[in-house]
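One structure is given here, and the rest of the page talks about it.
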Amino acid sequence: MDKAFRHINVDICWGAQAALYYHFGIGKYQLPRKCSGIFTHHVVDRSEKLLRGFDDRFLAPHSRHTDIDLEELARHPEVKLLASSEEAGPFILCANHGRQIMVTGHFEYDTETLAIEYARDSKKGMNPDMPVHYFPNDDPQQKPLNCWRAHAHLLYSQLVELLRLSRDALSVGLNPEKKAEIEKKKKKKTDRSAFFFPTNPMFLIIVPCIFFKKKAIQQTVGQNNQFLPNGLLLFFSAPVRRP
């Protein structure tokens, strides 16, 4: 977890609570009943790219027995609350210039995941509460509807994009020497690509000519090309310098 501040790190559910306690000393507390169901959330802070495109209000699943202590969270301005729910509490948080991301809910859940958990706990005799705002008409016999898929895809698409940009836009904490090293590697990679088709200024194209005889090929490329096999016609492009 010590590497989380040098790379993008994403923690989910109890992992998010563990990260908040490990890095910031923000504790959790036991809930009287399990927080399970689909809850309405609102965007608190749009300054991070992570929530780009999110609606003002959106739905997301939760399934946990503990929650974050909001009083302790308020004493840590370095942790930004991005989205929250009046019923389920803090949902998406970030720190360290957006490289440390904590999600207390379960955007990754499939449509029937909560139903499977509910049936499992019921079978064990745990007498669980029915997931709220989940089953149509609160009837476990009816198939639930997925109303969080779009925002789940949006969140994870943003995460993939942030990972892709982690060496550039999110390299705030890197020292100048490290930044120069990254730029040097990028330039070297770009220069190396110039030697390969189609970016190479001089390249070779082999065109199959299965309908031409060798004599026709020789007339096209010249009598000095006796070595050419039947069915192949070779062209060399003129050198073209890239701007």
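Bear in mind that the values in this text are calculations on the coordinates, not laboratory data. If you're wondering where the values come from, they're calculated on a predicted model, not measured in any experiment. As a convention, Cβ positions derive from the backbone with ideal geometry for all residues, glycine included, and neighbour counts pool all protein chains shown.
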Potential lengthening between Ala18 and Ala74 on full extension [0.36 nm per residue; Cα-Cα distance subtracted]: 18.4 nm
Got a sec? Which residues in the range 4-44 would a label at Asp138 touch, if it sits 7 Å along Cα→Cβ and we count backbone N under 15 Å? 36-38
Extension gain, His97 back to Lys49 (0.36 nm per residue minus Cα-Cα distance, nm): 16.2 nm
Pop the C-beta distance of Thr111 and Val160 into the FRET formula with R0 = 25 Å and round what comes out to the nearest 0.05. 0.65
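Kindly state, to the nearest 0.05, the FRET efficiency for Ala150 paired with Gln30, given R0 = 30 Å and r defined as their beta-carbon distance.
Working: r = 33 Å, r/R0 = 1.09.
Result of the calculation: an efficiency of 0.35.
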What spacing in nm lies between the two simple spin-label points modelled at Lys185 and Thr40, each 7 Å away from Cα in the Cβ direction? 4.7 nm
